[in-house]
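Report on one structure; see the data block that follows.
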Amino acid sequence: MTKGYKIFLVWVPVLVWMVLIFQLSAQPAKDSNKLSKGVTAHVVETVKEIKPEFSLDNANHIIRKNAHSFVYLVLSILVSHALKGSAVLELKSALLALGICILYAASDEVHQVFVSGRGAQVRDVFIDWAGALVGIGIYKVVGELVYLVRAKRNSVDRLL
């Protein structure tokens, strides 16, 4: 397998995830709200067992904004991994991953201007940015832990 093909393969999950985000953003407001209320209804049923006053209307907004954050958390992890697979330096890759996610979030909001019942909200870009930042942090921490475990395993293997 060539180096170029390997680099292409690490970017495929990023592109697939971006298409998913685009598809979700392309839903008219009515369809998007129906989807999120369906997900929210399942969450509310579970939470009501602990907190009976919790309602669908209260939860829907919270679930929607957390979904924004979550999809960009995942995107940033995928982008970080793709950049690592593309041999981009570590600090540079964190900044580049964040930049890619912010640009995609901003373009996603512009895209929503052209979707029935939807609109661009700068606040959503900040929510997406926060999710991306957390995702990059998770990726870096997990990567460091994996490195330390492997280093420790290698040092133990050398002793044997």
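None of the figures in this text is laboratory data; all of them are computed from the coordinates on show. Being a predicted model, the structure only gives us computed values, none of them experimental. With ideal geometry, Cβ positions are generated from the backbone for all residues, glycine too; neighbour counts draw on all protein chains shown.
By how many degrees, 0 to 90 and rounded to 10, does the Cα axis of helix 3-25 deviate from the longest principal axis of the chain?
Around 10 degrees separate the two axes.
Figure the gain on full extension for Val141 and Lys65 (residue separation times 0.36 nm, minus the Cα-Cα span) and round it to one decimal in nm.
Numbers: separation 76, 0.36 × 76 = 27.36 nm, distance 2.47 nm.
Stretched fully, the Val141-Lys65 segment lengthens by 24.9 nm.
Two decimals, Cα atoms only, Kirkwood Rh: what is Rg/Rh over the range 60-127?
Rounded to two decimals, Rg over Rh is 1.06.
Once the Cα atoms of helix 56-85 and of the chain are each reduced to a long axis, what angle between those two axes, in degrees from 0 to 90 to the nearest 10, is obtained?
The answer is roughly 20 degrees.
Between Val113 and Leu89, what FRET efficiency follows from the Cβ-Cβ distance if R0 is 30 Å, with the result rounded to 0.05? Mind dumping the intermediate values first?
Details: r = 36 Å, r/R0 = 1.20.
Computed FRET efficiency for Val113 and Leu89: 0.25.
Can you pull the three principal axis extents for the Cα set of the range 36-160, in Å, largest first?
Cα extents, longest axis first: 61, 39, 17 Å.
Only Lys, Arg, Asp and Glu count, each charged at its Cβ (+1, +1, -1, -1), so figure out the dipole size of the range 3-159 about its Cα centre, rounded to 20 debye. Show your work: numbers first, answer last.
Working: 18 positive and 12 negative charges, 111 e Å.
Approximately 540 debye in magnitude.
Can you compute the FRET efficiency between Asp57 and Trp11 using 1/(1 + (r/R0)^6), with r the Cβ-Cβ distance and R0 = 41 Å? Round to the nearest 0.05. Mind showing how you got there, number by number?
Numbers: r = 40 Å, r/R0 = 0.98.
Plugging the Cβ-Cβ distance into 1/(1 + (r/R0)^6) gives 0.55.
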